[in-house]
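> Can you keep this structure in mind? I'll have questions shortly.
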There are 2 protein chains.
Amino acid sequence: MPLPQLTQARAPLTRAIEVINEHGARETISIPAERDLTVYVDKRELVTLMTLGAHPEWLVLGYLLNQRLIASVNEVESITVDWEVNAASVKTRQGIDRIEERTSRRVVTTGCGQGSVFGHLMDEIDTIRLPAEAGLKQSELYAIVNAIRLKESTYKSAGSVHACALFHGEALQLFVEDVGRHNAVDTIAGWMAMNPAPTLDRSNGSQSSSEKIFYTTGRLTSEMVIKSAQMGVAVVISRSGITQMGLDVAERVGLCAIGRATHQRFLCYANPQRLELDAIPSAAPVARERAASPS
Amino acid sequence: MPLPQLTQARAPLTRAIEVINEHGARETISIPAERDLTVYVDKRELVTLMTLGAHPEWLVLGYLLNQRLIASVNEVESITVDWEVNAASVKTRQGIDRIEERTSRRVVTTGCGQGSVFGHLMDEIDTIRLPAEAGLKQSELYAIVNAIRLKESTYKSAGSVHACALFHGEALQLFVEDVGRHNAVDTIAGWMAMNPAPTLDRSNGSQSSSEKIFYTTGRLTSEMVIKSAQMGVAVVISRSGITQMGLDVAERVGLCAIGRATHQRFLCYANPQRLELDAIPSAAPVARERAASPS
């Protein structure tokens with residue numbers, strides 16, 4: 001089965017605006033773009049996403065996968081994004097079964113979480129089996145945190161975006177920024193579906209990504225943890241903290257959740273047996289400072 | 001018409017957990033609670049909110065108001081929250097008109113934005129008229145930023161929450177933290193409805209809050225700006241930045257949007273005529289540093 005055909009719609013990621021600062025002086029700064037993208041599946045309107053717009057086709061594909069509206073990328077024939085009309089047209093090969101029913105439950109998730117996670121996602125947790133052998137070395141974790149530090153681009157120029165990244169061991173595979181971090185993780189899911197690893201197991205529509213590591217600047221909410229687990233990723237690293245339901249889900253699915261990861265510091269919240277402490281810093285621990293703002 | 005009867009359901013706001021740090025040592029830290037709260041309106045299930053749980057009744061009331069499912073607090077007879085079953089039962093006086101139809105459109109908003117803003121909110125922007133005289137002095141802005149600095153409580157002990165606050169001039173009226181900042185602003189809307197100002201104008205169901213100032217630690221997304229405007233608040237201050245649609249909406253409704261507000265610094269993104277520069281710092285401006293993480 002061929003992969004879906006995707007357009008490569010592009011649009012500016014930042015916009016220069018004039019502001020007044022505390023001295024009453026005019027300053028020109030950049031802010032991130034934020035666009036509405038209405039998704040149509042077989043000509044039926046499904047949802048409107050607000051996005052930076054860097055990779056809209058992967059975003060839409062990942063959204064459909066992560067919402068479990070499709071079980072496999074093979075169900076999609078094409079995704080056509082047109083920024084002239086802010087629309088993404090998804091053409092499926094055989095339609096989406098019971099789409100009305102499956103999009104009818106509505107859960108409003110935490111803060112930076114996905115707007116509307118259709119309710120059955122939570123029911124699905126207990127069917128997820130993460131690879132037992134998947135893990136991470138502390139030295140790899142430090143390499144990942146450093147790679148991210150060198151990478152952020154829209155954030156550096158305009159702020160106000162979240163970043164997610166996918167690593168294979170310590171090798172960066174994809175770096176995505178978006179105004180919503182749920183978009184960033186959906187975009188990664190879409191990219192993964194279009195770039196199957198040799199170890200891809202399509203029998204259940206999910207990827208067996210035993211060495212994949214997911215990084216996010218945002219908090220580890222239940223939704224981020226569920227989405228990572230759905231993508232077959234057993235180790236998640238965050239610059240921020242974790243919420244209670246994020247922790248509950250991580251423990252339930254056996255996911256190694258690491259947060260507050262900056263420089264050489266981190267906290268492992270769940271499943272530390274997946275983390276090999278091969279690079280313990282020599283300096284004595286000092287009082288930990290919190291990040292300046294939640295995210 | 002009497003105000004609705006609200007329970008005062010309480011539950012712990014933080015939870016102590018054990019983590020492993022970068023030295024391989026165990027540490028006990030606090031994380032914020034995160035609870036699901038399913039809202040039933042006249043026994044019909046409406047939505048599930050994920051919340052810290054500090055003020056669930058105001059949250060539900062504000063949610064109904066901000067989603068425009070009710071036009072006035074007078075439509076509600078009671079809200080009963082029971083954490084034993086994670087349910088909020090809303091009893092209306094006369095039912096909600098066309099509730100099925102009005103909750104059928106779905107927009108997934110940016111990042112920390114409300115999960116599912118029912119679509120007609122965006123259509124409503126042009127009906128909003130903010131009071132022409134409402135404004136803020138720079139000295140008040142500094143007092144507000146300082147008041148917030150002294151206030152954050154769950155954040156200080158557990159991190160990973162957003163804060164919102166309502167000020168009347170520089171006097172703090174309500175400070176709310178939640179795992180989702182959309183919850184924090186909804187909670188403020190609920191409190192405002194239960195504590196009408198003397199200047200309250202009920203003729204159109206909205207408050208005329210000409211001296212009210214809204215503060216948020218989160219980004220100024222379109223949704224935050226719309227909700228503030230709906231509450232009749234003409235000045236919004238954020239510790240973070242602004243998104244493009246947030247700016248567009250602020251300009252369209254005439255709202256004064258101020259961001260990157262820390263210590264004596266800030267940027268006024270829109271409608272600077274509402275801001276009186278009465279306390280310009282004497283020091284020369286230096287290069288501005290961005291916050292450590294988006295939010």
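The values are calculated or read from the model by the stated rules, or taken from the named source; none is laboratory data. In this text, all values refer to a predicted model and were calculated from it rather than measured experimentally. All Cβ positions, even for glycine, are placed from backbone atoms using ideal geometry, and neighbour counts span all protein chains on display.
> Specify the residue that is farthest from A:Val236 (Cα to Cα); the eligible residues are those in region A:156-165 that are free of Cβ contacts under 8 Å to residues at least 60 places away in the same chain and in contact with a strand residue (DSSP E or B) (Cβ under 6 Å, 6 or more places away or on another chain). Give the derivation first.
Just the residues of region A:156-165 that are free of Cβ contacts under 8 Å to residues at least 60 places away in the same chain, to begin with: A:156, A:163-165.
Now drop any that are not in contact with a strand residue (DSSP E or B) (Cβ under 6 Å, 6 or more places away or on another chain), which leaves A:163-165.
Values: A:Ala163: 13, A:Cys164: 10, A:Ala165: 10 Å.
Per the stated criteria, the residue is A:Ala163.
> Same structure, new question: Spot the failing condition for A:Leu121; the list is (1) modelled with pLDDT under 85; (2) aliphatic (A, V, I, L, M); (3) not in a helix (DSSP H, G or I), and only one is missed.
(3)
> Looking at A:Gly159, A:Gly111, can you tell me which residue is modelled with pLDDT under 65 and not polar (S, T, N, Q)? Outline the logic, then answer.
On the way: A:Gly159 fails: modelled with pLDDT under 65.
Exactly one of A:Gly159, A:Gly111 is modelled with pLDDT under 65 and not polar (S, T, N, Q), namely A:Gly111.
> Let me ask another. Return the pair list, or none, for Cβ contacts closer than 9 Å from residues in region A:21-49 that are under 18 Å from A:Ile70 (Cα atoms) and not assigned by TED's automatic domain parsing to the domain that holds A:Gly95 to residues that are surrounded by fewer than 16 Cβ atoms within 10 Å (Cβ to Cβ) and of a type outside the set (Asp, Glu), at least 6 apart or on different chains.
Going by the 9 Å Cβ cut-off, there are no qualifying pairs.
> As an exercise: evaluate A:Leu150 against (1) in the same structural domain as A:Gly246 (by TED's automatic domain parsing); (2) modelled with pLDDT under 85 and give the number of the one condition it does not meet.
Against the list (1) in the same structural domain as A:Gly246 (by TED's automatic domain parsing); (2) modelled with pLDDT under 85, A:Leu150 comes up short only on (2).
> Could you look through region A:211-233, keep only residues that are more than 14 Å from every other protein chain (Cβ to nearest Cβ) and out of contact with any Phe, Trp or Tyr (no Cβ under 9 Å at 6 or more places or on another chain), and pick out the one that is farthest from A:Leu150 (Cα to Cα)?
So the residue we want is A:Gln230.
> Step by step: first the residues of region B:31-44, then only those that are touching a strand residue (DSSP E or B) at 6+ places or on another chain (Cβ under 7 Å) and in a loop (DSSP other than H, G, I, E, B), then the one that is surrounded by the fewest Cβ atoms within 10 Å (Cβ to Cβ). Which residue is that? Can you show your working first?
From region B:31-44, those touching a strand residue (DSSP E or B) at 6+ places or on another chain (Cβ under 7 Å) are B:31-42; that's our starting set.
Right, trim to in a loop (DSSP other than H, G, I, E, B) and you get B:33-34, B:42.
Details: B:Ala33: 21, B:Glu34: 28, B:Asp42: 14.
Restricting to residues being touching a strand residue (DSSP E or B) at 6+ places or on another chain (Cβ under 7 Å) and in a loop (DSSP other than H, G, I, E, B), the top hit is B:Asp42.
> Got at least one residue in region B:281-288 being surrounded by fewer than 23 Cβ atoms within 10 Å (Cβ to Cβ), modelled with pLDDT of 90 or more and not assigned by TED's automatic domain parsing to the domain that holds B:Gly169? Break it down stepwise before answering.
So the first thing to find is which residues in region B:281-288 are surrounded by fewer than 23 Cβ atoms within 10 Å (Cβ to Cβ), and the list is B:281-288.
From what's left, modelled with pLDDT of 90 or more: B:281.
Those left that are additionally not assigned by TED's automatic domain parsing to the domain that holds B:Gly169: B:281.
Checked region B:281-288: at least one residue is surrounded by fewer than 23 Cβ atoms within 10 Å (Cβ to Cβ), modelled with pLDDT of 90 or more and not assigned by TED's automatic domain parsing to the domain that holds B:Gly169.
> How many residues, within region B:3-44, are among the basic types (Lys, Arg) and facing another protein chain (nearest Cβ under 9 Å)?
2
> Right, next: Do you know which of the residues in region B:179-211 that are touching a strand residue (DSSP E or B) at 6+ places or on another chain (Cβ under 6 Å) and buried (at least 24 other Cβ atoms within 10 Å of the Cβ) is modelled with the lowest pLDDT? Break it down into steps so the answer makes sense when it comes.
Taking region B:179-211 and keeping what is touching a strand residue (DSSP E or B) at 6+ places or on another chain (Cβ under 6 Å), we get B:179, B:181, B:183-185, B:187-188, B:191, B:211.
Adding the requirement that they be buried (at least 24 other Cβ atoms within 10 Å of the Cβ) leaves B:179, B:181, B:183-185, B:187-188.
Values: B:Val179: 84, B:Arg181: 76, B:Asn183: 89, B:Ala184: 90, B:Val185: 89, B:Thr187: 95, B:Ile188: 94.
It comes out as B:Arg181.
> Also: Test B:Arg44 against the stated conditions and say whether it is of a type in the set (Lys, Arg) and over 21 Å from the mean Cα position of the chain (by Cα).
Details: of a type in the set (Lys, Arg): yes; over 21 Å from the mean Cα position of the chain (by Cα): yes.
Criteria met by B:Arg44.
> What's the total number of residues in region A:45-78 that are in a strand (DSSP E or B) and within 13 Å of chain B (Cβ to nearest Cβ)?
Residues of region A:45-78 that are in a strand (DSSP E or B), as a first pass: A:45-51, A:76-78.
Those left that are additionally within 13 Å of chain B (Cβ to nearest Cβ): A:45-51.
Final tally of qualifying residues: 7.
> Just need a number here: residues in region A:222-263 that are within 13 Å of the chain's Cα centre (by Cα) and farther than 21 Å from A:Leu174 by Cβ.
Residues flagged as within 13 Å of the chain's Cα centre (by Cα) and farther than 21 Å from A:Leu174 by Cβ within region A:222-263 amount to 1.
> Mind checking whether some residue in region A:86-101 is within 29 Å of A:Val235 (Cα to Cα) and at pLDDT 90 or above?
Going through region A:86-101, the residues within 29 Å of A:Val235 (Cα to Cα) turn out to be none.
For region A:86-101, residues within 29 Å of A:Val235 (Cα to Cα) and at pLDDT 90 or above: absent.
> With the structure loaded, tell me whether A:Ala54 is closer than 22 Å to A:Trp191 by Cα, touching a Pro at 6+ places or on another chain (Cβ under 7 Å) and not assigned by TED's automatic domain parsing to the domain that holds A:Gln230 or whether it fails that test. Walk me through how you get there before you give the answer.
Numbers: closer than 22 Å to A:Trp191 by Cα: yes; touching a Pro at 6+ places or on another chain (Cβ under 7 Å): no; not assigned by TED's automatic domain parsing to the domain that holds A:Gln230: yes.
For A:Ala54, the condition - closer than 22 Å to A:Trp191 by Cα, touching a Pro at 6+ places or on another chain (Cβ under 7 Å) and not assigned by TED's automatic domain parsing to the domain that holds A:Gln230 - is not met.
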